[in-house]
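> To start, I am sharing the structure in question, which I have written as structure tokens.
The values are calculated or read from the model by the stated rules, or taken from the named source; none is laboratory data. Not measured: the values here are computed from a predicted model. Every residue, glycine as well, gets a Cβ built from its backbone with ideal geometry; the counts of neighbours run over all protein chains shown. Side chains are part of the model used for accessible areas, which takes the heavy atoms of the whole protein and leaves out ligands, DNA and RNA. Shrake-Rupley method; radii C 1.70, N 1.55, O 1.52, S 1.80 Å.
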Amino acid sequence: MKNKNLLVALFVLVVLPMSAQKLFTLEDLNFGGTNYHNLRPKNMFLTWWGDQLMYQDVEEGGTINEKGNKTTFFTLDQLNFQLTNSHDIEKRVIRSALNARYPYPDQPVVLLRNNRIQLLYNWKTQKTWVQTLEGAQVTKWSPASKALAYKKADNQLYVRDAEDQETQLTTDGSREIVYGEAVHRNEFGIEEGLFWSPDGQRLAFYRMDQSMVTDYPQVNIDPRIAELEPDKYPMAGMTSHVVTIGVYDLKSKHTQFLQTADPIDRYFTNIAWSPDSKTIYMFEMNRDQNDCRLISYDAETGKLANEIYRETSDKYVEPLHPIQFLPWDPNQFIMQSQKDGYNHLYLFNIKGEELKQLTSGSWVVMDVMGFNEKQHSIIIASNEKHPLQRNLYAVDVKSGKRTPCDNGEGVHRAVLSTTGSKLYDKWSTPTMPNNIDLTTISTKRKTSNLLTAPDPWKDYVVPQYESGSIKAADGTTDLYWRMVKPADFDPTKKYPTVVYVYGGPHAHNVDASWHWASRSWETYMAQKGYICFILDNRGSENRGREFEQATFRQLGQIEMQDQMKGVEYLKTLPYIDMDRLGVHGWSFGGFMTISLMTNYPDVFKVGVAGGPVIDWKWYEVMYGERYMDTPEQNPEGYARTSLIQKAKNLKGKLQIIIGYNDPTVVPQHALSFLKACAEAGTQPDFFAYPGEGHNMRGHNSVHLHERITQYFEDYLK
């Protein structure tokens, strides 16, 4: 592996308690805790006005230079005074500038909003433009035309133009006919359902007909007599919803739907507009998710223009990113694909000709931040330097040469300026909680540090954090782990140990950010005398197609083999008490927790499974069928991975925790397992949070982690 010496046997981060006296509570560590915000690393809220970096504050906004000096451009006192004098805005006062945006690089204008209005304020002329938001639920605004697309409580789709005049686009919107929202259960990288053209004159939007989809009977227990509040939930192998794409023309006030192939059992994703606003591009995929095509459509007529690209697989193809046109050439675009085994960039023209592969190697492009227009380069994040890192590079489109844009350490997340000539870079390393750099991208890169955050935990007793690697069950693949030990760790003692696991697709637990990306709960457990061990098995993200697709049609099986390699490693450590080994995870990690407890009942003494999948036939169509095919196509795989028949194997103490109204892993999973345990005579424990979904919100999260901790305290320690 390239740069393997970056991880020499073990990377060890030891933070000694020194003279620190304070002990953590969950109110300190958990995101729902009352003191959590005080123990987060110091940060800055930043955005761009063209190529000028702007700071965001509650009461004001302005620019910040490379030395960290601020110049205020406007204050809310000034703005609200101007609003009061020029508009009827008794209920429209802006109370925060933290969401300030600067949509026009060449104009001194800021965009602000509350739940009733959004406005543009020119801080030089002090003129304001106001647009009504009241009643808008899902919104998308076009800077080019100042038109706003949105939904209301009546489920209809509307557009409000620059003159604040409202037009209703639909009449049949309902719970079953959904407009303007993300579709296909937010899979395939879909995060929204409204897409303005670059010129702001056309709006593409999703229409989802889910009238044929089964209702899952969620229940609201708050009324005196509980009420049925069902979710539309298409389970694997069952009837899915039907999606179409409409295009509304702002000038003609006409809606034209794209004339796609039969939308039944078909996925439409990653919608993109051509720079001239005349063509729509999107990836289309069959229900088996093994045949993916990039198709272009005439936005005016809705007719198919061209099939640009096709990719097939004997497993699955998973488009996650829309194409992106080169700012300096409207006839060329970049596309991301794993077709060579790793996610990389490819350059195409609008005829569908692949001009070149821009990046290659046994590493993945993790993100495309944008383009440097002057240098004709693409700014990317990748793990080329090391699988646990995320570093920034400029990729020259002509030569393919990659030039580093950061210091080569840790995990970097950057935002580009409008022209791509500058970026602000938030980064951390295992020993540094948060840094923010301002970087000018040129042949001689210039970087200024805006923030080096002090350690917010300096007054506390802090555990020891380590990272290293082992071989997967295949004997060749490197897997990376994190270990959290008590601050007063003594290698001559034996410690109860909890394996924290997720293990599923599109996630990882270990990287080279602060404390090796350790979860705060691990710190809390280490403080109580436990060791926590976390391993990223095959099937998790950012390691390439073979690594990710090793679990195809058999979710949980390869993952368990790798996790047990982690257990074998723990056995070699004299300070791990193998008679006191626990396991905990949530969602896919809950599935893994019960899988490990029931497949290796003599290994794990205690487990806590949150929101667990129990049988993949009860999970949603898009995700479930991608990794497992349908129950009819893969009966052996569904039977092998189901935990219903494993209920009889349970020996240790197992607590299952769910949100009572979970719309993602519906309660049928946990309840069916409890039923199977009752029939088998095994004795799990169970707790539900009424009104909560897949994850606990607010202070309920503190309660949840208190409960998880106490279970290990009661039965493992």
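Results for (1) farther than 19 Å from Gly50 by Cβ; (2) at pLDDT 95 or above, shown as yes or no for each residue.
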{"residue": "Thr75", "(1), (2)": "yes, yes"}
{"residue": "Gln82", "(1), (2)": "yes, no"}
{"residue": "Ile94", "(1), (2)": "yes, no"}
{"residue": "Leu98", "(1), (2)": "yes, yes"}
{"residue": "Pro108", "(1), (2)": "no, yes"}
{"residue": "Lys127", "(1), (2)": "yes, no"}
{"residue": "Ala136", "(1), (2)": "yes, yes"}
{"residue": "Ser145", "(1), (2)": "yes, yes"}
{"residue": "Glu166", "(1), (2)": "yes, yes"}
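> With the requirement that a residue be among the hydrophobic types (A, V, I, L, M, F, W, C) and either open to solvent by 10 Å² or more (accessible area, probe 1.4 Å) or in contact with a Phe, Trp or Tyr (Cβ under 9 Å, 6 or more places away or on another chain) (or both), what does the range 592-605 give you?
Result: Met592, Ile594, Leu596, Met597, Val603.
> Out of Ala670, Ala678, which single residue is in a helix (DSSP H, G or I), open to solvent by 10 Å² or more (accessible area, probe 1.4 Å) and among the small types (Gly, Ala, Ser)?
Ala678
> Within the range 457-472, how many residues turn out to be under 28 Å from the mean Cα position of the chain (by Cα) and open to solvent by 30 Å² or more (accessible area, probe 1.4 Å)?
Residues flagged as under 28 Å from the mean Cα position of the chain (by Cα) and open to solvent by 30 Å² or more (accessible area, probe 1.4 Å) within the range 457-472 amount to 2.
> Filter the range 158-198 for residues that are open to solvent by 70 Å² or more (accessible area, probe 1.4 Å) and over 28 Å from the mean Cα position of the chain (by Cα) and give the result.
The answer is Glu163, Gln165, Glu166, Gln168, Thr171.
> To continue, here is another question. Give the residue, chosen from Ser428, Ser382, that is open to solvent by less than 70 Å² (accessible area, probe 1.4 Å), in contact with a helix residue (DSSP H, G or I) (Cβ under 6 Å, 6 or more places away or on another chain) and within 30 Å of Trp481 (Cβ to Cβ).
Ser428 is the lone residue from the list that is open to solvent by less than 70 Å² (accessible area, probe 1.4 Å), in contact with a helix residue (DSSP H, G or I) (Cβ under 6 Å, 6 or more places away or on another chain) and within 30 Å of Trp481 (Cβ to Cβ).
> A follow-up question, please. If you take just the strands (runs of 3 or more DSSP E) that sit entirely in the range 291-384, which of them hold at least 2 residues that are of a type in the set (S, T, N, Q), free of Cβ contacts under 8 Å to residues at least 24 places away in the same chain and closer than 22 Å to Asn542 by Cα?
none
> Considering only the range 158-195, how many residues are hydrophobic (A, V, I, L, M, F, W, C), in contact (Cβ under 8 Å) with a residue 60 or more places away in the chain and either part of a strand (DSSP E or B) or within 21 Å of Ala299 (Cβ to Cβ) (or both)?
Adding up the residues that qualify gives 5.
> Further, regarding this structure: Can you name the condition, by its number, that Val499 falls short on among (1) assigned to a loop (DSSP other than H, G, I, E, B); (2) open to solvent by less than 20 Å² (accessible area, probe 1.4 Å)?
Every listed condition holds for Val499 apart from (1).
> Something else about it: With the condition kept exactly as written, say whether any residue in the range 340-350 is buried (at least 21 other Cβ atoms within 10 Å of the Cβ) and among the aliphatic types (A, V, I, L, M). Even if it seems obvious, please write down each step before you answer.
Looking only at the range 340-350, we keep the residues that are buried (at least 21 other Cβ atoms within 10 Å of the Cβ), and these are 342-345.
From what is left, the residues that are among the aliphatic types (A, V, I, L, M) are 345.
Yes, that holds for at least one residue.
> Which one of these is touching a residue at least 24 places away in the same chain (Cβ under 8 Å) and within 27 Å of Asn286 (Cβ to Cβ): Tyr638, Tyr623, Tyr569?
Tyr623
> Further question: Among the residues of the range 250-283 satisfying the criterion of being surrounded by 19 or more Cβ atoms within 10 Å (Cβ to Cβ) and more than 31 Å from the chain's Cα centre (by Cα), which is nearest to Ala236 (Cα to Cα)?
Only one residue fits best here, namely Gln256.
> Another one. Just checking, how many residues over the range 475-499 are touching a residue at least 24 places away in the same chain (Cβ under 8 Å), of a type outside the set (Ser, Thr, Tyr) and under 21 Å from Leu388 (Cα atoms)?
Residues flagged as touching a residue at least 24 places away in the same chain (Cβ under 8 Å), of a type outside the set (Ser, Thr, Tyr) and under 21 Å from Leu388 (Cα atoms) within the range 475-499 amount to 8.
> Consider only pairs whose beta carbons are under 6 Å apart and that are at least six residues apart or on different chains; among these, list those whose first residue lies in the range 242-261 and is among the aromatic types (Phe, Trp, Tyr) and whose second residue is in a strand (DSSP E or B).
Correct list of pairs: Tyr248/Leu203; Tyr248/Thr255; Phe257/Thr244; Phe257/Gly246.
> Here's another thing I want to ask about it. Step by step: first the residues of the range 402-416, then only those that are surrounded by fewer than 21 Cβ atoms within 10 Å (Cβ to Cβ) and over 21 Å from the mean Cα position of the chain (by Cα), then the one that is nearest to Trp516 (Cα to Cα). Which residue is that?
The residue in question is Glu409.
> Under 6 Å between Cβ atoms, at least 6 apart or on separate chains: pull out the pairs that start in the range 588-613 with a residue that is touching a residue at least 40 places away in the same chain (Cβ under 8 Å) and end on any residue that is polar (S, T, N, Q) and open to solvent by less than 10 Å² (accessible area, probe 1.4 Å).
Correct list of pairs: Gly607/Thr593; Val608/Gln655; Ala609/Thr593.
> Quick check on my filter: what residues within the range 297-337 are among the polar types (S, T, N, Q), touching a His at 6+ places or on another chain (Cβ under 8 Å) and either open to solvent by 10 Å² or more (accessible area, probe 1.4 Å) or at positive phi (or both)?
Gln336
> So the check is Cβ under 8 Å with 6+ separation or different chains; which pairs have a first residue in the range 422-435 that's touching a residue at least 12 places away in the same chain (Cβ under 8 Å) and more than 23 Å from Gln464 (Cβ to Cβ) and a second one that's outside any strand (DSSP E or B) and among the hydroxyl-bearing types (Ser, Thr, Tyr)?
Listed by first residue and then by second, the contacts come to Leu423/Ser417.
> Among the candidates Met212, Met208, which residue alone is free of Cβ contacts under 8 Å to residues at least 60 places away in the same chain and either surrounded by 16 or more Cβ atoms within 10 Å (Cβ to Cβ) or in a strand (DSSP E or B) (or both)?
Working: Met212 fails: either surrounded by 16 or more Cβ atoms within 10 Å (Cβ to Cβ) or in a strand (DSSP E or B) (or both).
Of the residues listed, the single one that is free of Cβ contacts under 8 Å to residues at least 60 places away in the same chain and either surrounded by 16 or more Cβ atoms within 10 Å (Cβ to Cβ) or in a strand (DSSP E or B) (or both) is Met208.
> Could I ask something else about it? Within the range 386-401, can one find any residue that is within 25 Å of the chain's Cα centre (by Cα), among the aliphatic types (A, V, I, L, M), crowded, with 19+ Cβ neighbours inside 10 Å and not in a strand (DSSP E or B)?
Yes, the range 386-401 contains at least one residue that is within 25 Å of the chain's Cα centre (by Cα), among the aliphatic types (A, V, I, L, M), crowded, with 19+ Cβ neighbours inside 10 Å and not in a strand (DSSP E or B).
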